[in-house]
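Each remark here refers to the structure printed beneath this line.
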């Protein structure tokens, strides 16, 4: 294929003729290797869950003295919080996510907003004077005062160091403790949502198309989720609620691409003459070639803005963009190289199971030995050679009979010579 034909094929002006179904074992082997690596990553390294899942503390304050994320990270590491996540928002607002700062955990902190509700936020009264009495007012009691007795001495020193670095009093640091109970609720809700989505998708495809297509789509979706989660575990990237949203979005995109391919297969397989002439596997291969460039172009259009968010977006968007980039790429691959071949395998087993059922009323053919079969083949070849020799003899006889006769001479007189004057 030259460059011009490649461009025409990419633009959809010509249909490619790739033998995708013939190499389905290679696609299965490739996916199997990646899935095994993903499972190893999940079982050995595990997912790096954020504080939204395992609990922790969130600190936010407005820095009067300009600071950078590296300076804040070095200060946190010096005070025993080397794994803290630091973000600078709007140029001057510092956001820190780290482990819990309470002496006995987030659940034991009477001032932690998460002790009553997971969605609680720090009260505006957190900026009040740190010398206020704990029983002065209800609002003062519920405010996340960083100098409360629930904070350990080392963490209180950390808050004072952050305040000195930012040029603010310690009372202006808003602290929100998130307990592990909230993280457990998020995890359960995510798993429940994933199960409901898979069941709904399977039911829709089974009713809209056929159950075998629903089985292929389910296997492709599990393939996408497993690989995405495994890559997260292998690279050690933090799993946030944005990651969960991205995974659910991935399922929708992968389903869209799979439905487009299945619809084309159903349209071509609706012609009985095509299936009888080419076979179901060849019909699937032709359908894939017809929608291949459409799937590739759709995936590229989606991946370009995701890549821009991944490389040029903020830290908050990078977790979402990373999951989307991996998931969209995997979904485009699985729709073509996993869902369609699995459908072909299921239909092939069904066709093989129907042949013995049709032949049950017929008497079984007598078994023949190999020598008998070779003798029969030799007899057939000898008869064919004899017939061919006889036909050649008849043709030679006719040619010889016609060639033995003398050819009569022409009776036409030669032209008379002109007399010269």
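The values are calculated or read from the model by the stated rules, or taken from the named source; none is laboratory data. Please read these numbers as outputs of a predicted model, since none were measured by experiment. With ideal geometry, Cβ positions are generated from the backbone for all residues, glycine too; neighbour counts draw on all protein chains shown.
Listed values, structure above:
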| read-out | value |
| --- | --- |
| Scope the stretch 303-320; condition under 15 Å from the mean Cα position of the chain (by Cα) and over 17 Å from residue 227 (Cβ atoms); matching residues | 320 |
| Of the criteria (1) within 19 Å of residue 322 (Cα to Cα); (2) not assigned by TED's automatic domain parsing to the domain that holds residue 316, which one residue 226 fails | (2) |
| Matching option when the condition is modelled with pLDDT under 85, out of contact with any strand residue (DSSP E or B) (no Cβ under 8 Å at 6 or more places or on another chain) and either more than 22 Å from residue 53 (Cα to Cα) or part of a helix (DSSP H, G or I) (or both), among 193, 216 | 193 |
| Selection count where residues are in a helix (DSSP H, G or I) and surrounded by 12 or more Cβ atoms within 10 Å (Cβ to Cβ), scope the stretch 8-30 | 9 |
| Test for residue 199: is it under 15 Å from the mean Cα position of the chain (by Cα) and either assigned to a helix (DSSP H, G or I) or modelled with pLDDT of 90 or more (or both) | no |
| Residue under evaluation residue 86, criteria (1) more than 34 Å from the chain's Cα centre (by Cα); (2) part of a strand (DSSP E or B), criterion not met | (1) |
| Condition check for residue 159: modelled with pLDDT of 85 or more and either within 30 Å of residue 95 (Cβ to Cβ) or over 42 Å from the mean Cα position of the chain (by Cα) (or both) | yes |
| In the stretch 267-285, the residues that are free of Cβ contacts under 8 Å to residues at least 40 places away in the same chain and not in a loop (DSSP other than H, G, I, E, B) | 267, 268, 269, 272, 273, 274, 275, 276, 277, 278, 283 |
| Identity of the residue in the stretch 308-332, free of Cβ contacts under 8 Å to residues at least 40 places away in the same chain and under 20 Å from residue 292 (Cα atoms), that ends up surrounded by the most Cβ atoms within 10 Å (Cβ to Cβ) | 325 |
| Filter result for residue 41 (out of contact with any helix residue (DSSP H, G or I) (no Cβ under 6 Å at 6 or more places or on another chain) and at pLDDT 90 or above) | no |
| Residue among 34, 67 that is touching a strand residue (DSSP E or B) at 6+ places or on another chain (Cβ under 8 Å), modelled with pLDDT of 85 or more and outside any strand (DSSP E or B) | 67 |
| Selected residue (criterion: nearest to the chain's Cα centre (by Cα)) from residues of the stretch 37-51 that are assigned to a loop (DSSP other than H, G, I, E, B) and surrounded by 15 or more Cβ atoms within 10 Å (Cβ to Cβ) | 47 |
| Candidate set from the stretch 61-83 (those that are buried (at least 19 other Cβ atoms within 10 Å of the Cβ) and closer than 21 Å to residue 178 by Cβ); member that is farthest from the chain's Cα centre (by Cα) | 61 |
